[in-house]
Structure formats: C-alpha cells, structure tokens
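Trainee: Structure below; questions to follow.
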Amino acid sequence: DRKIRIAPSILSADFADFGREIRAIEDQGADWVHVDVMDGHFVPNLTFGPPAVKAFRPHVKTFMDVHLMIAPVDPYIEAYAEAGADLITAHVEAGPHIHRTLQAIRATGKKAGVALNPGTPADSVAHLLDLADLICVMTVNPGFGGQKFLDMTTKIRRLRELIGDRPIHIEIDGGVDPATAPIVAAAGADVLVAGSAVFRGGSVDAPQVYGDNIRAI
Ligand code: DX5
Ligand code: ZN
C-alpha cells in the first residue's frame, strides 16, 4: 500500500531519556521509530549498540526500524535481531557481500533493508530485490541529523522502476521536512524518516510536543 509513513529518528531525541521520547512520538502520531546505530567507523559518529536497542524495545509499540551505519555488519546482525529490531537495514557500502548480509538478516526472521549513500547508484540494488523489504535512500551523507537535504528524485524514480509491483518500501532518510517531504513522496517514496524536523523545539523542560511537527511533514 502506498500510505506515507512517518518514522521519526531518535538520533535527534533527548539522549538522556529515550523512553520518554519514544512514548511521546508514538503517542503523537509516529508510524515507526527509526533507530540510527552508528559505530564511529562506517560514519564519523557514535550512537548506541544492542544493549540500548534492547532497552528501547519495551517502549516501542509501533515498529522499530533499525538503521545500521556500521561496518562490518554481519557479526552484529544476530545481536540487533535479539535486541528486538523489527527491520534491520544494512548499507550497500558497508562491505563486499550485501547479498549475503540480507540473507543473514532474513534468516533471523526480521525484515531486511538496504541503504544507499548519496553517491551510490540505484542499480546497485538490482540483484537484491527478492531479499529486500525496504530500500533506504540517504538524502544526506550519513552520520548526523540536521543536515541539508540532497535531491535524489532521479534515484527514487529509478528505484520505483526497478521495484515494479514488488512490496518494497522506499524510505527517505535525511533532511526530510515539510518542504522536502512532498518532493520525495511525489517521486515514489512511502516511508519518511525525520529527526530534526520532528524533535526541533523539544527540550528537557518543555513538554514533548512533537505531534504538530509530525503532522506537518
Ligand atoms: C543520518 C541518519 C538520519 C538522521 C536524519 O545519518 O541516518 O536518520 O537521523 O536526521 P534529519 O532528519 O535531522 O536529517
Ligand atoms: Zn537513519
């Protein structure tokens, strides 16, 4: 179905209270929770690992979309599956064996996603379409929230061509806000990740009023 889903990224949430932040976005309209795992190697930033994802799990009532910006990926797939991820996304660029990585993710019983950095062509997933439940199109170079949106319209359209009528989500990740969301939705995206556009204005003192930001996307 081509319903547009909003997946707030907790990378922009209050790192001192993820439980409260997750409950707030879900109570206020989030469809999925996007969890950005960074290892300080594949990307120049470090966030959290399997123990943290395990701690998030009981607070997530919708769907935990785990984005692994790590290399290598394969040694850690089991740990993120055990931690409770509903979908595990690996980067094409994280190693030479993305086909095997997706097989390994599916073998855990979880949904499998493949992510493409801005410099990686759409056709790099052409031989993965029987293994992927989701293709994540990075519209920023991964590592940080709040970056400027990179237009990947051509890539998104090409992916829709390659996907045909397969039930594969196209997820857009980076710089999604009320101005850029319509652009990527028109091109064929159906899951929109947003970090700073959802969490901006929140603070440890102010009540977590994220609903207006989510609805505006
Ligand atoms: C970046 C992450 C994105 C990021 C999005 O490496 O993969 O999910 O959190 O943040 P915004 O929406 O602020 O660009
Ligand atoms: Zn992400």
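Trainee: Report the relative contact order of the chain, percent, no decimals, based on alpha-carbon pairs under 8 angstrom and at least 6 residues apart.
Mentor: Across the chain, relative contact order equals 21 percent.
Trainee: Using 0.36 nm per residue, how much length does the chain from residue 15 to residue 52 gain when fully extended, once their Cα-Cα distance is taken away?
Mentor: 12.2 nm
Trainee: Could you look at region 126-217 and say what percent of its accessible area is carbon and sulfur, using a 1.4 Å probe and all protein chains?
Mentor: Solvent-exposed carbon and sulfur of region 126-217 make up 54 percent of the total.
Trainee: Rounded to the nearest 500 deg cm²/dmol, what is the calculated helix-only ellipticity per residue at 222 nm for the chain, with -39500 (n - 2.57) per DSSP H run of length n ≥ 4?
Mentor: Taken over the chain, the calculation gives -7500 deg cm²/dmol.
Trainee: Cα centroid distance between region 11-83 and region 156-192, in Å?
Mentor: A separation of 22 Å, based on Cα centres.
Trainee: Among the listed pairs 110/148; 54/148; 54/111, which are separated by more than 29 Å between their Cα atoms?
Mentor: 110/148; 54/148
Trainee: When the C-alpha atoms of region 146-217 are aligned to their principal axes, what extent does each axis show, in angstrom, from largest down?
Mentor: Principal-axis extents of the Cα atoms in region 146-217, largest first: 47, 24, 15 Å.
Trainee: Let me ask something else about it. Separation between the residue 79 and residue 179 pseudo-spin-labels, each 7 Å from Cα along Cα→Cβ, expressed in nm?
Mentor: So the label points at residue 79 and residue 179 sit 3.9 nm apart.
Trainee: Test of understanding: express the Cα radius of gyration of region 106-203 as a ratio to 2.2 N^0.38 Å, with N the residue count.
Mentor: Rounded to two decimals, the normalised Rg is 1.08.
Trainee: Per residue, how much accessible area does the chain have with a 1.4 Å probe, in Å²?
Mentor: Per residue, the chain has an accessible area of 42 Å².
Trainee: Give me D for the chain in µm² s⁻¹, whole number, from Stokes-Einstein with Rh from the Kirkwood sum over alpha-carbon pairs, 25 °C and 0.890 mPa s.
Mentor: Rounded to a whole number, D works out at 144 µm²/s.
Trainee: Looking only at the chain, where both bridge partners belong to it, what percent of the DSSP beta bridges are antiparallel (to the nearest 5)?
Mentor: Antiparallel bridges: around 5 percent, rounded to the nearest 5.
Trainee: Additional query: Considering the dipole of region 1-96 built from charges on the beta carbon (Lys and Arg +1, Asp and Glu -1) around the Cα centre, which of 47, 19, 81 is farthest to its positive end?
Mentor: Positive-end residue among those listed: 19.
Trainee: About the Cα centre of the chain, what is the dipole size in debye to 20, counting +1 per Lys and Arg Cβ and -1 per Asp and Glu Cβ, all else neutral?
Mentor: For the chain, the charge dipole is close to 280 debye.
Trainee: From the mean inverse distance of alpha carbon pairs (Kirkwood) and the Cα radius of gyration, derive Rg over Rh for region 39-96.
Mentor: 0.96
Trainee: How would 92, 184 rank on accessible area, largest to smallest, probe 1.4 Å?
Mentor: The ranking, largest first, comes out as 92, 184.
The values are calculated or read from the model by the stated rules, or taken from the named source; none is laboratory data. Owing to the predicted nature of the structure, the values given are computational and were not obtained by experimental measurement. We place every Cβ from the backbone using ideal geometry, glycine too, and count neighbours over all the protein chains shown. SASA here: full protein model, heavy atoms, side chains in, ligands and nucleic acids out. Shrake-Rupley method; radii C 1.70, N 1.55, O 1.52, S 1.80 Å.
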